[in-house]
1. Among (1) within 46 Å of the chain's Cα centre (by Cα); (2) surrounded by 10 or more Cβ atoms within 10 Å (Cβ to Cβ); (3) part of a helix (DSSP H, G or I), which single condition is Ile116 missing?
2. Which one of these does Thr105 not meet: (1) closer than 30 Å to Ser35 by Cα; (2) not assigned by TED's automatic domain parsing to the domain that holds Gly19?
3. Going through region 59-73 one residue at a time, which ones are surrounded by 12 or more Cβ atoms within 10 Å (Cβ to Cβ) and modelled with pLDDT under 80?
4. Regarding region 152-159, can at least one residue be identified that is more than 30 Å from Phe33 (Cβ to Cβ), surrounded by fewer than 10 Cβ atoms within 10 Å (Cβ to Cβ) and either outside the structural domain of Gly19 (by TED's automatic domain parsing) or in contact (Cβ under 8 Å) with a residue 12 or more places away in the chain (or both)?
5. Quick check on region 28-52: of everything there that is of a type outside the set (A, V, I, L, M, F, W, C) and crowded, with 16+ Cβ neighbours inside 10 Å, which residue is farthest from Leu98 (Cα to Cα)?
6. For Phe108, only one of the following conditions fails: (1) at pLDDT 90 or above; (2) under 30 Å from Ile17 (Cβ atoms); (3) surrounded by 10 or more Cβ atoms within 10 Å (Cβ to Cβ). What is its number?
7. The conditions are (1) free of Cβ contacts under 8 Å to residues at least 24 places away in the same chain; (2) part of a helix (DSSP H, G or I); (3) surrounded by fewer than 15 Cβ atoms within 10 Å (Cβ to Cβ), and Asn99 fails exactly one of them. Which is it?
8. Determine which member of the set Tyr133, Tyr88 is aromatic (Phe, Trp, Tyr), out of contact with any Lys or Arg (no Cβ under 8 Å at 6 or more places or on another chain) and either in contact (Cβ under 8 Å) with a residue 60 or more places away in the chain or surrounded by 10 or more Cβ atoms within 10 Å (Cβ to Cβ) (or both).
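The values are calculated or read from the model by the stated rules, or taken from the named source; none is laboratory data. Remember, it's a predicted structure, so these values are computed and weren't measured experimentally. Please note: Cβ atoms are built from the backbone with ideal geometry, for glycine as well, and neighbour counts cover all protein chains shown.
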Amino acid sequence: MYMYSINQEAYILLATIYGGILIAFIYELYKIFRSILKPKKFATTLQDAIFWTIITAVSFYVLIFSNQGDLRFYNFLGFIIGILAYQYILSKPISKALNYILKITKEFLSDLWKLIIYPFQVGGSLIEVPYSYCKKKTKPVYYKSRRVLTMPRRIVYDIKKTVGNYLSKR
């Protein structure tokens with residue numbers, strides 16, 4: 001077991017506090033992500049697994065980077081202090097900033113979608129006016145031609161019906 005100086009132990013404590021802040025920030029992102037997507041049960045399970053994998057990787061990285069992976073009580077204390085510091089000091093302003101960024105991004109993507117779809121809407125309206133005019137003018141012709149084209153079938157049906165009625169009366 002390696003003995004650390006007070007400066008090194010203070011550095012390790014500060015590194016784990018930073019790790020706790022980073023873990024709490026990742027959790028904040030995860031909460032916002034889940035509130036936007038509203039996943040179903042399977043997706044929630046998958047997202048939880050990914051979240052805990054990332055948190056584990058961050059924790060191990062902080063521990064390996066700061067004190068070669070030695071676990072001490074103050075490592076856990078540093079993570080807890082970092083998480084609590086984030087929750088009580090940084091959570092509200094960062095959450096507001098992230099929600100603002102997401103709102104701006106959503107508005108931008110909405111405007112971009114409207115800009116992309118606009119030429120197709122104009123083209124559709126340019127086609128719709130002559131189409132509705134032609135449909136209005138050709139509708140009577142369509143129904144008359146449909147009636148004329150179905151006439152042989154109706155004649156055959158009427159003949160069968162008449163013959164059937166005549167034979168059933170005898």
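1. Ile116 satisfies all of (1) within 46 Å of the chain's Cα centre (by Cα); (2) surrounded by 10 or more Cβ atoms within 10 Å (Cβ to Cβ); (3) part of a helix (DSSP H, G or I) except (2).
2. Just one mismatch for Thr105, condition (2).
3. Result: Asp70, Arg72.
4. Yes, there is a match, as at least one residue in region 152-159 is more than 30 Å from Phe33 (Cβ to Cβ), surrounded by fewer than 10 Cβ atoms within 10 Å (Cβ to Cβ) and either outside the structural domain of Gly19 (by TED's automatic domain parsing) or in contact (Cβ under 8 Å) with a residue 12 or more places away in the chain (or both).
5. So, considering only residues that are of a type outside the set (A, V, I, L, M, F, W, C) and crowded, with 16+ Cβ neighbours inside 10 Å, the one farthest from Leu98 (Cα to Cα) is Tyr30.
6. (2)
7. (1)
8. Exactly one of Tyr133, Tyr88 is aromatic (Phe, Trp, Tyr), out of contact with any Lys or Arg (no Cβ under 8 Å at 6 or more places or on another chain) and either in contact (Cβ under 8 Å) with a residue 60 or more places away in the chain or surrounded by 10 or more Cβ atoms within 10 Å (Cβ to Cβ) (or both), namely Tyr133.
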